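Worksheet: one structure, shown below.
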Amino acid sequence: MDSISPVDNYFVRRLAEKGHPLVIAGPCSAETEEQVLATARALKALGAIDLFRSGIWKPRTRPGSFEGVGTMGLRWLQRVRDEVGLPVTIEVATPRHVEEALAHGIDVLWIGARTTVNPFAVQELADALAGTGVPVMVKNPVNPDVALWAGALERMERAGIHNLAAIHRGFSTFAPSRYRNAPTWQLAIELKTRFPHIPLICDPSHISGRRDLIQPVSQKALDLDYDGLIIETHPDPDQAWSDAEQQVTPQRLGEILSELKYRYRSSDNADYLNKAEELRQKMDVADREILEALARRMALVEELAEYKRENNVKILQLDRWNEIFKSRPEWAGKLRVNEKFVGELYKLIHIESIRKQTEILNRPDEQ
Ligand code: PEP
Ligand code: MN
């Protein structure tokens, strides 16, 4: 990857000017000129909005749903920029969208989750965006695949596009979840470690799918050191033509923003620094103890596998593992450690134990 100076990035520059996370807001979809301008004016009055978002071409699961107002909406966004005074951003999914957006002076573009999944589409967009200088935000793909998300950012960088941000909008899952799209924060953190120079923005609206989760999801993102939020806002959310359940009024957005706690990256308070250092050293000791116990346990697994091998006994002993999965979370609960977490941890230990035993039982006989 090219090493670039952070000032080359539009989003990094805006962040440095503001000294606070960026806030992007606006309706899921542009519906009418009045709705767009009313939302923009109310957002402008909050004084905390950096970029006005609105869908013009909407990727919908089924045909016949509202698919966006199309090109006509671009003129409404020009009015937002020129009359209300907010820079504007829209989703683009094809080179034609890019061309029309740029012809109307749209300030920032974003690539949606249903486009990021498709490397052909992403490459066509990268080719269309190359050399335009327009800042681009890349949403995570619908499926929980960090490599596809990273791949889309790499395609942009290879096309010479460095004004980049990533948007975390959560992932589809089959498992029932309180979220519309499971956040799976770990994947976004992984992307951040691979692209530390690219600002990361959270989309609590598409993660939550419901209004009451927007605030806690936004807080969590800020606590995880995200660089911004993109929040769907509508003057009359219940009547919105798309994503009605998750949109909030500009007034509610103002409340959410003022309820958020902006914490520091670190502190130069000497007491804080000393205490944090002391606790981290104790954690280092605890981690060594955990690893020593794990090594002891794995050595016992190996010894048992040798006995199984000698006696020609199978690896999987279901009763034993059922007992472990029941007892360990119970023990954890008594020690005030989260039972669900310990259940997950033992699933991983089980996988490793089976892998080790498979290796030992299938080792060729010595000659
Ligand atoms: C949107 O932001 O309105 C949108 C369609 O989002 P996503 O691509 O995350 O589904
Ligand atoms: Mn939406």
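The values are calculated or read from the model by the stated rules, or taken from the named source; none is laboratory data. Predicted model only: the values in this text are computed from it and were never measured. Cβ sites come from the backbone with ideal geometry, for glycine too, and all protein chains shown count toward neighbours. Please note that ligands, DNA and RNA were not included when accessible areas were found on the heavy atoms of the full protein model with its side chains. Shrake-Rupley method; radii C 1.70, N 1.55, O 1.52, S 1.80 Å.
Quick rundown of the values:
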read-out	value
Amide H within-cut-off set for E91, under 5 Å, with H built and near neighbours excluded	S54, I56, W57, W110
Loop sites in region 330-367: trypsin sites (Lys or Arg not before Pro), DSSP, at most 13 other Cβ within 10 Å	R336
Span from the region 1-80 Cα centroid across to the region 240-299 one, whole angstrom	29
Full-stretch length increase - K340, A293 - with 0.36 nm per residue and alpha-carbon distance subtracted	14.9 nm
Spin-label pair I189/D145, simplified geometry with 7 Å Cα→Cβ offset, distance in nm	2.4
Positive-end extreme of charge dipole, the chain - chosen from P250, L316, Y262 (charges on Cβ)	L316
Residues of type lysines that K58 reaches as a straight line, Cα spacing below 25 Å, ignoring anything fewer than 8 places off in the same chain	K44, K139
Extension gain (nm, one decimal) between Y307 and A244, 0.36 nm per residue minus Cα-Cα	16.5 nm
Where Cα atoms sit under 25 Å apart: lysine pairs in region 187-337 separated by 8 or more or lying on different chains	9
Length-normalised contact order of region 136-256 in % [C-alpha pairs under 8 Å, at least 6 apart]	20
Cubic angstrom per residue, convex hull over Cα atoms of region 10-259	119
Most to least packed among 20-29, 123-132 [average Cβ atoms within 10 Å]	20-29, 123-132
Candidates per trypsin sites (Lys or Arg not before Pro) in region 154-231, loop by DSSP, up to 10 other Cβ within 10 Å	R178
Largest-first ordering by accessible area, 1.4 Å probe, given options Y272, Y179	Y272, Y179
Percent RCO, i.e. relative contact order, over the chain, from Cα pairs under 8 Å lying at least 6 residues apart	13
Accessible area expressed per residue, region 270-361, with surrounding protein chains retained (probe 1.4 Å, Å²)	80
Karplus 3J(HN,Hα) series, Hz, for region 229-237 with 6.51 cos²θ - 1.76 cosθ + 1.60 (x for Gly, Pro)	10, 10, 10, 6, 9, 9, x, 9, x
